[in-house]
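Before any comments, here is the structure.
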Amino acid sequence: MTESRTETEKEALKHWFKPLLDKVVQEMIKRNAVVGTAVEASPAWAFPNQILIAKVWGMGQKTRFIWTISGEGVITDYIAGRMAATPKDAARHFALKWQMDADRLLAVGKSKGPTQDAQLQMDSYANKLIKDAESLYDLTEKEDIWL
């Protein structure tokens, strides 16, 4: 019974991440984050139905991959593969990157340049980045989910 439940859980996870991974690949191609006539991807870690961390690379360029993060619980983003050795390290890097991005947005929002609507949008996005960064960092502190 345990084996069938495990297989069912694996199938449910695959059913969730497969379309998400396809969407991420298309987004990375659109952003020119990966190049080549064909692009491959492999899931590296998932917090089911919330976050997927994957490796994406151009065909024949597996050593020149990028780490991607996407899902219901986070924005879609990427970093160079050399920036992190493991999915957990990549998650930490994304958390720090988002915190720094939020700080920059908040600083721009405080300047006299943007209109009030633009400032509200920047502040709102910055607050989302901060929330996502803190939540993701909290996940990196839970050793049992990274095994």
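Computed from the Cβ-Cβ distance with R0 of 25 Å, the FRET efficiency linking Lys10 to Asn127 stands at 0.10.
Computed on region 26-77, with alpha-carbon pairs under 8 angstrom and 6+ residues apart, the relative contact order is 29 percent. Hydropathy first: keep DSSP H helices in the chain averaging at least -0.5 on Kyte-Doolittle, then drop any whose Cα extent along the axis falls short of 15 Å, and list what survives. In the chain, the long hydrophobic H runs are 87-110.
When all alpha carbon pairs of region 1-128 are counted in 5 Å bins from zero, the resulting P(r) reads 2, 10, 17, 17, 16, 14, 11, 7, 4, 1, 1, 0, 0 %. Cross-link pairs exceeding 29 Å between alpha carbons, from the set Lys14/Lys88; Lys30/Lys128; Lys18/Lys131; Lys110/Lys142: Lys110/Lys142. On a per residue basis, region 45-147 carries 58 Å² of accessible surface, using protein heavy atoms and a 1.4 Å probe. Across the accessible surface of the chain, with the other protein chains kept in place and a 1.4 Å probe, carbon and sulfur atoms take up 54 percent. In the chain, the calculated helix contribution to ellipticity at 222 nm averages -19000 deg cm²/dmol per residue, counting -39,500 (n - 2.57) for every DSSP H run with n ≥ 4. Potential lengthening of the chain between Thr86 and Leu120 amounts to 8.6 nm, from the contour at 0.36 nm per residue minus the alpha-carbon distance.
The values are calculated or read from the model by the stated rules, or taken from the named source; none is laboratory data. Just so you know, these numbers come straight off a predicted model, no measurement behind them. Note: ideal-geometry Cβ built from the backbone for every residue, glycine included; neighbour counts use all protein chains shown. For the accessible areas, the whole protein counts, side chains as well, though only heavy atoms, and no ligand, DNA or RNA atoms are used. Shrake-Rupley method; radii C 1.70, N 1.55, O 1.52, S 1.80 Å.
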